[in-house]
Each structure stands twice: as C-alpha cells, then as structure tokens.
1. When you take every Cα atom in segment 264-392, what is the radius of gyration, and what is Dmax, the widest Cα pair distance, in Å?
2. For segment 113-128, what does the Karplus curve 6.51 cos²θ - 1.76 cosθ + 1.60, with θ = phi - 60°, yield as ³J(HN,Hα) per residue in whole Hz, taken in order and with x for Gly and Pro?
3. Computed over the Cα atoms, what is the radius of gyration of segment 108-233 divided by 2.2 N^0.38 Å, N being its residue count?
4. Using only the C-alpha atoms of segment 70-136, find the volume of their convex hull and express it per residue in Å³.
5. Please compute the length gained on full extension between ARG10 and GLU402, using 0.36 nm multiplied by the number of residues separating them and subtracting their Cα-Cα distance.
6. Give the peptides 61-69, 433-441, 302-310, 75-83 in descending order of average Cβ contacts within 10 Å, highest first.
7. So, with a 1.4 angstrom probe, what is the percent of accessible area on segment 231-292 that is carbon and sulfur?
8. When you count, for each residue, the other Cβ atoms within 10 Å and take the mean per peptide, how do 11-19, 213-221 rank with the highest first?
Amino acid sequence: MTAVPAAQPRVAFTDEMKAEFKALLGDRFTTAAAVREHHGKDESYHPNFPPDGVAFATSTEEVSAIVKLCAKHKLPIVPFGTGTSLEGGVAALAGGVCIDVSGMKDILRVSPEDLDVTVQAGVTRKQLNEHLRDTGLFFPIDPGADASLGGMASTRASGTNAVRYGTMRENVLGLTVVLADGRIIKTGGRARKSAAGYDLTRLFVGAEGTLGIITEVTLRLYGIPEAISSAVCPFADIRGAVDTVIQTIQSGIPVARIELLDEVQMDAVNKYSKLDYKVAPTLFFEFHGTAAGVAEQAEMVSAIAGENGGTEFTWATRPEDRSKLWQARHDGYYAALALRPGSKGWPTDVCVPISRLADCILETKKDIADSSMLAPLVGHVGDGNFHLVYVIDPDKPEELAEAKRLNDRMVDRALAMGGTCTGEHGIGYGKLEFLEKEAGAAFAVMGELKRAFDPDNLMNPGKVVRV
Ligand SMILES: Cc1cc2nc3c(=O)[nH]c(=O)nc-3n(C[C@H](O)[C@H](O)[C@H](O)COP(=O)(O)OP(=O)(O)OC[C@H]3O[C@@H](n4cnc5c(N)ncnc54)[C@H](O)[C@@H]3O)c2cc1C
C-alpha cells in the first residue's frame, strides 16, 4: 500500500466541540459511525480514515461558520463532494471534521447569451446537463462518475471529452472559496479573459481542498453540436490502435472523444454490460460538428484506422445507441472489478506527450504480461492519458507490493518521457511521493504556498504537499 503520510498530530474531538457543531447545524452535524465511515474513503483500494464528525453544509456562509469553528479548535477540515476520487483525497488522515457540500445543489444562474453558468459546489455534472437540456447548451467535462462540480474543480478533472473541450483547468471561469480562517473570497469572474493579478482560480483548481473550500463555481458552456456520431473500431493489435490515435491528433482532426480499451478491458465490458464487441484492442470515437463536418472527420479517421489494422467501424448515430456505447465505456472501472468478485481497484493515471504514447503503452503492457497481475487498460488516449486498473485483493500484501512495483515502473517511465504521474485523478496522498519526484524543487514551493494560505495545516492535511 502507498505509505500514509503523518498528516499532523490528532486533536481529541470532545463532547463540548460536538455540542458547538450541533448548536450551529442541528441534525446536519453527525458523529454516527456509518456516516463517518462513508465519508472516510473513496472509490479505490485506499483504506478508510473516518473523520470525527460530518457537517452537511447548505451555503457559503455556513461553510465559513463551520471552518471558523474548526479553526478555533485546530481541527482538520476535509471537504467532500461525492467521494468518487481515487487517490485517498477524502481520507481524514488526522480525523477532524468532514464538510460535505453535496447538499449545495442550487444552479444559481445560467446565461445562454454568454455561454456560462454559476452553480453551488454540490451540483453534479449530470444534474447540470439535465438542467441545461432545453437551452441547447451543455457542459462537456465527464469523469466517468457523476461527480460534484466542486470536487471536479478541486481535482482538476477531465474525462472522455477533454481532447476537444479541455479539462476543468480550461472550463472554470471563477470560484467562491472559503479560506482556512473562514474568509470568503471570489476569484476570476465571467469575462472570457482577464489579466487582473495572480490567477487564484487556477490555484484552487486542482488544490484538492488543501487551500480552501470551493462553494460556488462559474463554468463555460458549449452549444450542443448540430451533429454527433459515435463509433467503435477493433484493431489487430494495440500498436495499430495507438498509432491511429497519434496520427489523428497530429493531423489536427478535431475528434470530440477518442478512447482506447485493450482486449482485457473489452472482455470485461462485454461481460459487465452484456455486449458482444470483438475482444480486441478497440477505439471508441465521437465526432461533433455540422453534418458535413462530422462526415468528413469520420472519413479521415476511418482511412487512418484502415492503414493501421483497424477492421470495421460500428456506428451509433441514434442518441440511445450513443448513450449505451458511452455508458459501457464509463462503467469500465466497475466492469474491471467484476472480473474478480470482491476485489478492489488500484487505478493508475499517467499522461505522456502524444508522440511517446505508443512506447509508453507497449512497454507497460509488456510489464503486465511478465507479471501475474490482472490489469485492464483504458485511456483518454487523445490526450496521451491512460489508466491501468490493478484488480487486487487489498488484504494480500504480496498483491499490493506487486501493484506498487509495476506502478512505480510505469510512473518512472512516463516521467522519463516528459509526462506526469497523474493526468486527471490528482495526488491525494496516494501519489505524494510521485509528485515530489515530478515537481523537483517546485514541490517545496507548493508547500510554502500551502503554509501561506493555511498556516495551521488544517485544510485536508496530508494531501498533495508535505508541510
Ligand atoms: C468509475 C470512475 C471513473 C472515473 N473517471 C474519471 C475520469 O475519466 N476523469 C477524471 O478526471 N476523474 C475520474 N474519476 C475520478 C473522480 O470522479 C474525479 O476525481 C472527480 O472529480 C471527484 O469528484 P467528487 O465530487 O467525487 O470529489 P470527492 O471525491 O468528494 O473529492 C475529491 C477531492 O477534492 C476535495 N473536494 C471535494 N469537494 C471540494 C470542494 N467543494 N472544495 C474543495 N475541495 C473539495 C476532497 O477533499 C478531495 O480531496 C473517476 C472515478 C470513478 C469512480
């Protein structure tokens, strides 16, 4: 297992403290064991570290009041959106109070004429898109899970559409944030560009709750394309699939999605989603644009695929067929776990420059073939980003050790290729040592920034930086 950092000494949570939180929130503060357990872990193999209490907030002002109470008692503060992250981000390593913002579900403003929206942090991506349905607009960032937009901003999330629309980094225009002393600040705004001072928005995007709690998010929106077409194409081998991706991106074809699933993952998807795709390395595509533009993109990509051993394209143009196809892709993680009932997932997340993608994937697949590990591969390959899921029994130390050995090799390989240890899942505490390696001298600067924002190290201690 990844070494658990010493977050900070634990402060005893007393009955008097509990009474103060109860006075503030009533039934929306609880120390019930089941609720604390639910908030102490994410969707990965990382163990459970429950907080001492969970506070369910409903407004920015309330988050500020909770933070001030925590600051008074020097209690650690762990923000919680929907708990779908994968690197131990919500684990209360030193106890303290979890602030659950999932009840902050108001869509505060939609401005179709400016293509932007402001939401409370607990609004999920699916809730937002449901709300936008009749406006002709949509928000494209789609981590497989129905995550909260505050959590997505905090992990700088992306997903299958990022190759065309960017990540949360490109799509967050502004934030409301509660700082470690309870102050409320607004960053950024609604202007499409701004040269006004330090870019605090981008500092909080990806900070994983270590610098403040995001309570409101202003996001870019996009018009729903006139035409959308999705397709699945199996390949004779994985190199052909990856070369197709590289050539597509290098040709500047504006694919909206281009996802790789290896043969192990395709087998898992077929079994889990009751489909009958060919069990072979496969690319899932989506094209957005005008009808003519989509047809042209599809033709160009089909030609590239054909030259690289892609066999037949299976097209899905009806909305219901498209959503079935992408649901199967989004369920890939659970499909992988279902290959071994009772298992947990250790998901990996390297991202490399596109020209190095084939080498990185092929060398990694060789490592897996030489090991005893079951590890399906999926990837947002248009961005050079791919995931293995080591399907493990976390109670078996030898399996954890083997997953760690393989993961260390893969991350070292990605870093040597100019890549990163995480394209989208973030650091949590699971990737702390990798960030230290990747960032070099900048890692200490991140720690200095953290101390400037949070001198008592109360905000999500033990994550992202060492203090
Ligand atoms: C099946 C599956 C598929 C996934 N696929 C993808 C993918 O394709 N791309 C991708 O990017 N991710 C993916 N993820 C990971 C996950 O969905 C994202 O990391 C998501 O952004 C987490 O959002 P959340 O609301 O669940 O946050 P949480 O898990 O609740 O929190 C994540 C981190 O942010 C902090 N945090 C939460 N809310 C706030 C807030 N309001 N203010 C400050 N800090 C906060 C937490 O303390 C924690 O450190 C996947 C996860 C699963 C289970």
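1. Spelled out, the Cα radius of gyration and Dmax of segment 264-392 are 15.8, 48 Å.
2. Values per residue, Gly and Pro as x: 5, 9, 6, 8, 8, 10, 10, 6, 5, x, 5, 8, 5, 6, 4, 4 Hz.
3. 1.06
4. 114 Å³
5. Net length gain for the segment: 137.9 nm.
6. The most tightly packed comes first, giving 75-83, 61-69, 302-310, 433-441.
7. Carbon and sulfur together cover 54 percent of it.
8. Answer by packing, highest mean first, reads 213-221, 11-19.
The values are calculated or read from the model by the stated rules, or taken from the named source; none is laboratory data. Small disclaimer: the values here were computed from a predicted structure and weren't measured. Every residue, glycine as well, gets a Cβ built from its backbone with ideal geometry; the counts of neighbours run over all protein chains shown. Accessible surface areas use protein heavy atoms only, side chains included; no ligands, DNA or RNA. Shrake-Rupley method; radii C 1.70, N 1.55, O 1.52, S 1.80 Å.
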